[in-house]
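What follows is a single structure, written as structure tokens, with notes after it.
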Amino acid sequence: MLKVGLTGGIGAGKSEVSRLLVACGAVLIDADRIAREVVAPGTPGLASVVGAFGEEILAADGSLDRPRLGAIVFSDAEKLSTLNAIVHPLVGARSRELEEAAAEDAVVLHDVPLLTENGLAPLYDLVIVVDAAPETQLDRLVRLRGMTEEDARARMAAQATREQRREIADIVIDNDVPLEELEQRVKDVWAELVLRSQASRPSPAE
């Protein structure tokens, strides 16, 4: 098994790279998706978040109002730390369960937005960083996700810098390019991952 960490700044296009790698054959463990699962209605995770931030972060149907919670934590480092202390251990435990269920020869792709910020690089055999210029990120967040420029800049500022992400990267995928170029780059990266996976397998006994 080859354990690959995938990360990138918000709006860098990490989800598209993740989708392309899965199409090539990677087994995806999506930290964002798991983070939603562990705070679903009725979970101990949601109860802990409500205990920390109050019932005002709940939607009318009892689910987590993620935009409201995001507006609270992304402008306050201490509150963000409180939220992370609740959610991250739950995400880590579920991620390990999914990894253990994967085939022994799988390339397991851990899509982890805050891999850099939380010092998680040593957990993986290698780290892929999806990189884009800050102005590209800002444009995508405002134009494609409908964020205000102020909210987009706050989300970006709450994350690691571009330089910090690149420092931990074994492979950098430039996503300031047309989709056709990105697709080819991902195919090249996949070929490299397959080679690394094969090289890491123990030789059969003589």
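The values are calculated or read from the model by the stated rules, or taken from the named source; none is laboratory data. Source: prediction; values computed, not measured. Ideal geometry is used to build each Cβ from the backbone, glycine not excepted, and the neighbour counts take in all protein chains shown. SASA here: full protein model, heavy atoms, side chains in, ligands and nucleic acids out. Shrake-Rupley method; radii C 1.70, N 1.55, O 1.52, S 1.80 Å.
Here SER75, SER48, SER81 are screened, and the one residue that is assigned to a helix (DSSP H, G or I), small (Gly, Ala, Ser), in contact (Cβ under 8 Å) with a residue 12 or more places away in the chain and more than 30 Å from ASP105 (Cβ to Cβ) is SER48. Kindly check whether there is at least one residue in region 20-33 that is in a loop (DSSP other than H, G, I, E, B) and either in contact with a helix residue (DSSP H, G or I) (Cβ under 7 Å, 6 or more places away or on another chain) or surrounded by fewer than 15 Cβ atoms within 10 Å (Cβ to Cβ) (or both). Yes: one or more hits. Where strands (runs of 3 or more DSSP E) fall entirely within region 88-206, those with at least 1 residues that are at pLDDT below 95 and more than 12 Å from THR7 (Cβ to Cβ) are at 171-174.
Pick out the one residue from THR148, THR136 that is closer than 26 Å to ARG66 by Cβ and loosely packed, with under 14 Cβ neighbours inside 10 Å. One residue alone meets the criteria, THR148. Report the residue count in region 117-133 for those that are small (Gly, Ala, Ser) and surrounded by 15 or more Cβ atoms within 10 Å (Cβ to Cβ). Residues meeting the conditions: 2. Among the residues here, ALA71 qualifies as farther than 18 Å from ILE173 by Cα, open to solvent by 30 Å² or more (accessible area, probe 1.4 Å), over 19 Å from the mean Cα position of the chain (by Cα) and not aromatic (Phe, Trp, Tyr). Of the numbered criteria (1) open to solvent by less than 70 Å² (accessible area, probe 1.4 Å); (2) within 16 Å of the chain's Cα centre (by Cα); (3) not charged (D, E, K, R), the one ALA191 fails is (2).
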